[in-house]
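The values are calculated or read from the model by the stated rules, or taken from the named source; none is laboratory data. Keep in mind that what you see is a predicted model, and the values were worked out from it rather than measured. Here the Cβ positions follow ideal geometry from the backbone for every residue, glycine too, while neighbour counts run over all protein chains shown.
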């Protein structure tokens, strides 16, 4: 049995989404709400994000239903009233979504996606929305960093075995392809997303033969035009000499060795020596691939130290976004029944209201700054980033292909000024907040603070007597 | 459409597994091989691992098949010969697996799992095995650290929205329950694994009402015996006063408020103040739950600084194992056709041969040291850790329940000496390697080094002439 068939999207939900739904329905509260999804802040060394994950979400939402089996489970919990179960039985997502298309660059504090729907619907899909957008966006943003330092060298995703499950491995392959990688070793991603697949051989292959040379010859017999020989099982230099023998045999047969792979040791030094051997032996066309604990920092270090590497297989550290394995992403209610909404929790700023992001470019065509405005503010300048992607529970327009999104990223990346493309960013990209939004935000915050906090504390302290001194020393 | 239904386990495979398979079959090489799965080294601050993921793997392997659709994709790649496709069409995993049962403690360099099967079969399942065991083991090992510092306080997994996909969210819920958590917010995990589910309310719920107090009363109306009120939306102290009002209303109706939740600010200070308010108001039984960027370090800090917190909701940092988001796990060929196998790649030690781990206990019943031996060495002392779990492609024994595994972990954890349970470990647990294994390993390494490296370099250097000085300065 394939346990992944059990992944019912309607249960990709925290329990509280449904307890809140029950209370909303009981109170007769199911008016239109808008939730805004945004990343609060940059992980260390990050200066931008790459929007990703939207197409996967849009693939699920129109058919989002509670199956009988899922409902049976919910009933079995004994936590919910019959009315909620009946409501869920008929559940459809009927709302609208505006979002920044996949492949575009965005920045902290900008809405990536806004959901407008009856509040129960917008709430029920929360966990799914956050999970899907955060994972892909985190991975695409990480992969873009590797692309940024690769100087056009070939990049391949090799992370499948250590990603956090199958779902994550697929998203890593897709996100890295989106951000300029040539392909992946992941066959399932190859099948589902049509991404080119790449592979070489494992140490186990080499060691299962009586000698390394035997293994190389055997592999070349099976794949006389596409063999990449892993040469570090015993010693890279000795391995390179053996690769030359195989390359010679292939050449004599009118075929050619595609490359060799280094997977351990001092990759910069070894790649120069292996290049020397291959060149001296008359095989300048045989490529050198490197793998093993690579990430953007290591690729940058290798290239700047003169490594002779043509292709980088980037695995675990990309696939888990090792230095920043999560984004501080939030899905916050910003409007309900037309009222602007905010919370005051310390250290967690959310901008009020339905919003749009406008992007401004310099004379050189590069991104200059962004401005966040209330959606209903009439703004004639700048390029609006959020576009309608769902209306009345249906997709707006056709699904976008991965090729389209990849091309958009490539175009977009060129427009990002160099200092924000760097993996050691030279500053924070300017994101302005327009005055009417600031004014509304301040006004609402003042009101909430007076009603919910100040008046209440005054009353509470009055009733407290000597407790006050212990609470507010 | 539910895209997760497309997750065909047979394609959870790196391309090279199948190119190697093609070459093996072409060479007539499909003899019995043993692969050993182990973690090379500890991430920072780690001193042990908790075995997990085995049951999920054993659920998949007996039915592991290549579907027509998957084969069609493989054919479409144009990389494989007809013989391989026909072989895969009939593919069954017919091998044997020995493994350390889930919930047991193990250490770096110890085999967790050994697969013995025709080499092509053992190779084809590699990516799946590594991915499934590493994720669950990493998460259970992380969760055990949170349990270790929680002093018996209630722990709940709240990580679903920021885990790396749905697969990871399920594994995080399961692994943390295995390691002593009380439950999860994750409904899908609740359904699939029968884990207790918990939840409170979101800030969006509170802010959608005209006042915080209205929202609290509304929630209490729906859940008069199980409400946990989120009190930090505007101000925790003001929120606590409001919670007292609701608790009073509930008490007057013969019901009771279950708890309040703090999600921001100085949790230690706020929890003491909120406790004071609740106690003074006559509600000592109302629990305080805390959430927000928690992990084992933060839980330890909070408890040691006198926080009055009864329940910790641990989210993102547990769900992605934020400080150690991957294990240095490897699946290595250690025996083929009865020959012991090793590689010499620098910095990547693999112990040769089929192995067993024997555990030795002190007079106090605590773990004292482990010893790794060759499987065919007659060892009469110590407790063997790896057990047969598959034979001839079929499971040995019944599937283990999560409750069984959870109880095993609890028992096992008590036997682990305090200094290795600490999240600031006081040393490395002793793992000995028995002399016959060391001898065989050394002998094989010497032989391989002479045949594969020294003889070859001598020959290569002889042919090189003046290139030698540039390669070996």
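Would you mind finding the one in A:372, A:396 that is surrounded by 14 or more Cβ atoms within 10 Å (Cβ to Cβ) and free of Cβ contacts under 8 Å to residues at least 24 places away in the same chain? If you could, list the steps in order and put the result at the bottom.
Working: A:372 fails: free of Cβ contacts under 8 Å to residues at least 24 places away in the same chain.
The unique qualifying residue is A:396.
Specify which of the listed residues (A:115, A:120, A:75) is in a strand (DSSP E or B) and either under 27 Å from the mean Cα position of the chain (by Cα) or surrounded by fewer than 20 Cβ atoms within 10 Å (Cβ to Cβ) (or both). Answer to the check: A:115. Of all residues in the range B:126-143, none that is at the interface with chain A (Cβ under 9 Å from one of its Cβ atoms) and under 13 Å from residue B:327 (Cβ atoms) has its Cβ atom under 9 Å from the Cβ atom of a residue that is at pLDDT below 95 and not in a helix (DSSP H, G or I), 6 or more apart or on another chain.
Any idea which residue in the range B:78-106 is farthest from residue B:390 (Cα to Cα), counting only those that are more than 34 Å from the chain's Cα centre (by Cα) and outside any loop (DSSP other than H, G, I, E, B)? Explain how you work it out, then say what you get.
Of the residues in the range B:78-106, the ones more than 34 Å from the chain's Cα centre (by Cα) are B:78-83, B:86.
With the extra rule that they be outside any loop (DSSP other than H, G, I, E, B), the set shrinks to B:82-83, B:86.
Values: B:82: 30, B:83: 28, B:86: 25 Å.
The extreme case among them is B:82.
Report yes if residue B:207 is in a loop (DSSP other than H, G, I, E, B) and either surrounded by fewer than 22 Cβ atoms within 10 Å (Cβ to Cβ) or within 7 Å of chain A (Cβ to nearest Cβ) (or both), otherwise no. Walk me through how you get there before you give the answer.
On the way: in a loop (DSSP other than H, G, I, E, B): no; either surrounded by fewer than 22 Cβ atoms within 10 Å (Cβ to Cβ) or within 7 Å of chain A (Cβ to nearest Cβ) (or both): yes.
Spelling it out, it is not the case that residue B:207 is in a loop (DSSP other than H, G, I, E, B) and either surrounded by fewer than 22 Cβ atoms within 10 Å (Cβ to Cβ) or within 7 Å of chain A (Cβ to nearest Cβ) (or both).
Scanning the range B:238-264 for residues that are surrounded by fewer than 21 Cβ atoms within 10 Å (Cβ to Cβ) and in contact with a helix residue (DSSP H, G or I) (Cβ under 6 Å, 6 or more places away or on another chain) returns a single hit, B:256.
Filtering A:302, A:327 for residues that are closer than 30 Å to residue A:112 by Cα, touching a residue at least 12 places away in the same chain (Cβ under 8 Å) and in contact with a helix residue (DSSP H, G or I) (Cβ under 6 Å, 6 or more places away or on another chain) leaves a single hit, A:327. Taking the range B:171-189 as the range and being surrounded by 24 or more Cβ atoms within 10 Å (Cβ to Cβ) and touching a strand residue (DSSP E or B) at 6+ places or on another chain (Cβ under 7 Å) as the test, the residues that pass are B:172, B:173, B:176, B:177, B:179, B:181, B:184, B:185, B:186, B:187. Checking each residue in the range A:172-204 for being over 28 Å from residue B:456 (Cβ atoms), within 7 Å of another protein chain (Cβ to nearest Cβ) and assigned to a helix (DSSP H, G or I) picks out A:187, A:188, A:191, A:192. Based on this model, can you work out whether residue A:66 counts as touching a helix residue (DSSP H, G or I) at 6+ places or on another chain (Cβ under 7 Å), assigned to a loop (DSSP other than H, G, I, E, B) and closer than 30 Å to residue A:385 by Cα? Spelling it out, it is not the case that residue A:66 is touching a helix residue (DSSP H, G or I) at 6+ places or on another chain (Cβ under 7 Å), assigned to a loop (DSSP other than H, G, I, E, B) and closer than 30 Å to residue A:385 by Cα.
Return a yes/no flag: does the range B:81-90 have any residue that is closer than 30 Å to residue B:418 by Cα, in contact (Cβ under 8 Å) with a residue 60 or more places away in the chain and either in the same structural domain as residue B:228 (by TED's automatic domain parsing) or touching a helix residue (DSSP H, G or I) at 6+ places or on another chain (Cβ under 9 Å) (or both).
First, pick out the residues of the range B:81-90 that are closer than 30 Å to residue B:418 by Cα: none.
Scanning the range B:81-90 turns up no residue that is closer than 30 Å to residue B:418 by Cα, in contact (Cβ under 8 Å) with a residue 60 or more places away in the chain and either in the same structural domain as residue B:228 (by TED's automatic domain parsing) or touching a helix residue (DSSP H, G or I) at 6+ places or on another chain (Cβ under 9 Å) (or both).
Does residue B:154 count as on the phi < 0 side of the Ramachandran plot, outside the structural domain of residue B:423 (by TED's automatic domain parsing), at pLDDT 95 or above and out of contact with any helix residue (DSSP H, G or I) (no Cβ under 8 Å at 6 or more places or on another chain)? Against the criterion (on the phi < 0 side of the Ramachandran plot, outside the structural domain of residue B:423 (by TED's automatic domain parsing), at pLDDT 95 or above and out of contact with any helix residue (DSSP H, G or I) (no Cβ under 8 Å at 6 or more places or on another chain)), residue B:154 qualifies. Would it be correct to say that residue B:21 is in contact with a strand residue (DSSP E or B) (Cβ under 6 Å, 6 or more places away or on another chain) and either within 25 Å of residue A:210 (Cβ to Cβ) or surrounded by fewer than 20 Cβ atoms within 10 Å (Cβ to Cβ) (or both)? Against the criterion (in contact with a strand residue (DSSP E or B) (Cβ under 6 Å, 6 or more places away or on another chain) and either within 25 Å of residue A:210 (Cβ to Cβ) or surrounded by fewer than 20 Cβ atoms within 10 Å (Cβ to Cβ) (or both)), residue B:21 does not qualify.
Okay, residues lined up against (1) over 25 Å from residue A:107 (Cα atoms); (2) at pLDDT below 95; (3) surrounded by fewer than 24 Cβ atoms within 10 Å (Cβ to Cβ):
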residue	(1), (2), (3)
A:14	yes, no, no
A:26	yes, no, yes
A:30	yes, no, yes
A:34	no, no, no
A:42	no, no, yes
A:46	no, no, yes
A:50	no, no, no
A:57	no, no, yes
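In the range B:212-237, of all residues being facing chain A (nearest Cβ under 7 Å) and within 19 Å of residue A:339 (Cβ to Cβ), the one that is surrounded by the fewest Cβ atoms within 10 Å (Cβ to Cβ) corresponds to B:218.
Could you look through the range B:1-34, keep only residues that are part of a strand (DSSP E or B) and within 7 Å of another protein chain (Cβ to nearest Cβ), and pick out the one that is nearest to residue B:167 (Cα to Cα)?
So the first thing to find is which residues in the range B:1-34 are part of a strand (DSSP E or B), and the list is B:14, B:32-34.
Subsequent filtering for residues that are within 7 Å of another protein chain (Cβ to nearest Cβ) retains B:14, B:33.
Details: B:14: 19, B:33: 30 Å.
Here the answer is B:14.
Scanning the range B:380-389 for residues that are surrounded by 14 or more Cβ atoms within 10 Å (Cβ to Cβ) and without any contact (Cβ under 8 Å) to a residue 60 or more places away in the chain, we see that the one that is farthest from residue B:58 (Cα to Cα) is B:382.
Which one is nearest to the chain's Cα centre (by Cα), of the residues in the range B:428-473 that are modelled with pLDDT under 85 and surrounded by fewer than 11 Cβ atoms within 10 Å (Cβ to Cβ)? Here the residue is B:473.
Please indicate, with yes or no, whether at least one residue in the range B:454-467 is assigned to a loop (DSSP other than H, G, I, E, B) and either within 14 Å of chain A (Cβ to nearest Cβ) or without any contact (Cβ under 8 Å) to a residue 24 or more places away in the chain (or both). Checked the range B:454-467: at least one residue is assigned to a loop (DSSP other than H, G, I, E, B) and either within 14 Å of chain A (Cβ to nearest Cβ) or without any contact (Cβ under 8 Å) to a residue 24 or more places away in the chain (or both).
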